[in-house]
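The values are calculated or read from the model by the stated rules, or taken from the named source; none is laboratory data. Quick caveat, the model's predicted, so the values are computed rather than measured. Methodologically, a virtual Cβ is constructed for each residue, glycine included, from the backbone with ideal geometry; neighbour enumeration extends over all protein chains shown. The accessibility values were calculated without ligands, DNA or RNA, using every heavy atom of the protein model including side chains. Shrake-Rupley method; radii C 1.70, N 1.55, O 1.52, S 1.80 Å.
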Amino acid sequence: MAALRSLGRRFLLWCAHEHNDFRIPEISSLAKLFQIELEWIERNEKKPYILVDVESEDDIRKLMSRTMLIRSAYELWGRAKSLEELHSQLKVLPKEFLDRYSGEDKSFRIRIETFCKHLSAKQKIDKIETLNYLPMKGQVQLDDPNVSLAMLEFYGLDPNSIPELPYDLFFGRWVCDGQRHKINKLHLKERKFIGNTSMDAQLSLIMANQALATDNMLIYDPFVGSGSLLVAAAYFGAYVFGTDIDYIMLHGKAKPTRVTQKQRAVDECVAANLSQYNLSSRYLDVIVADSSLPIWRRNFYVDAIVTDPPYGIREATERIGTTKSYTISEEQ
């Protein structure tokens, strides 16, 4: 009965199996950003799924509009330890609930997705055919149907010891995918200006999410380097600026990072990266400065500091300036 009461409010988040430690913080940050009341039903950083209760599907769509670590979200219809148990749950779903998705005007498809085990096309079809009791009256449509249903199977985490049967089975309606396509859009391979220590696109976007980056925020990176974190924050609408002690990096004079590149282009710089993604309007500037000697006024505030401090030396640096006192005369 508890499962029936949660229909339409409980969702399965099917995760990308990487950067697992950042999943919960990213979702928590996005829930705060969108002011979503989220209840954790099941979360385990090692497993590829998370169960949450929210007030509406719109809340899940808001989360998925920003997340980098969740592949897809599903409205959960059933969860079981065996196929027989899952069928039993699906067979007692309320008719008025199923009627929303099973009309003759609703095209549909059913997919099988697995974690840690590969199934042949025949095995997937056999599993789909066991669901023939579902009252779907519309036409089967594999591409862009009105309703996309899925059975998801979890076979554990050890690829060297895969069980014959899954440990967990889920069934639900696909709601939407996350934003992992943006990782490729901002990938360093296509970036105009990079260095040896440039933060990769995925981590940059995750960090921007955890900083709650959004329209008209002011975000600062005190170790800006080639500006990867500025790109991610600006992509979400923030105004960005940074500082770095490395003069030759900020001015695009460092040795090229790409093996095939003999020398840097004359226009390589942080500003070029922002321009590449049509984000110039969000870029304020970068300044050569030592972050151990703050240059800002005491009453200067930013909305967030997003940075990757230098833990070691991987870029050649050049000292500039002087410790000698220097006075500008009136003539100068």
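Where strands (runs of 3 or more DSSP E) fall entirely within region 3-69, those with at least 2 residues that are surrounded by fewer than 21 Cβ atoms within 10 Å (Cβ to Cβ) and out of contact with any helix residue (DSSP H, G or I) (no Cβ under 8 Å at 6 or more places or on another chain) are at 39-43, 49-53. All conditions but one from (1) on the phi < 0 side of the Ramachandran plot; (2) of a type outside the set (Lys, Arg); (3) open to solvent by 40 Å² or more (accessible area, probe 1.4 Å) apply to residue 144; the one that does not is (1).
Residues checked against (1) closer than 23 Å to residue 10 by Cβ; (2) under 20 Å from the mean Cα position of the chain (by Cα); (3) open to solvent by 20 Å² or more (accessible area, probe 1.4 Å):
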| residue | (1), (2), (3) |
| --- | --- |
| 119 | no, no, no |
| 126 | no, no, yes |
| 174 | yes, yes, yes |
| 184 | no, yes, yes |
| 189 | no, yes, yes |
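Just one of (1) outside any helix (DSSP H, G or I); (2) open to solvent by less than 70 Å² (accessible area, probe 1.4 Å) fails for residue 105. It is (2). Of all residues in region 75-98 being assigned to a loop (DSSP other than H, G, I, E, B) and open to solvent by 80 Å² or more (accessible area, probe 1.4 Å), which is farthest from residue 127 (Cα to Cα)? Out of the qualifying residues, it is 92.
All told, residue 107 falls short of being touching a residue at least 24 places away in the same chain (Cβ under 8 Å) and farther than 26 Å from residue 139 by Cβ.
Pairing each residue of region 155-170 that is more than 11 Å from residue 80 (Cβ to Cβ) with any residue that is surrounded by 15 or more Cβ atoms within 10 Å (Cβ to Cβ) and of a type in the set (Lys, Arg), provided the two are 6+ apart or on different chains, yields C-beta distances under 8 Å for 155/117; 157/47; 162/117. All told, residue 114 falls short of being part of a loop (DSSP other than H, G, I, E, B) and either modelled with pLDDT of 95 or more or surrounded by 18 or more Cβ atoms within 10 Å (Cβ to Cβ) (or both). Condition (residue is among the small types (Gly, Ala, Ser) and closer than 30 Å to residue 75 by Cβ) applied to region 267-278: is it met by at least one residue? No: region 267-278 contains no residue that is among the small types (Gly, Ala, Ser) and closer than 30 Å to residue 75 by Cβ. For the residues 166, 159, the requirement of being within 29 Å of the chain's Cα centre (by Cα), assigned to a loop (DSSP other than H, G, I, E, B) and surrounded by fewer than 17 Cβ atoms within 10 Å (Cβ to Cβ) singles out 159.
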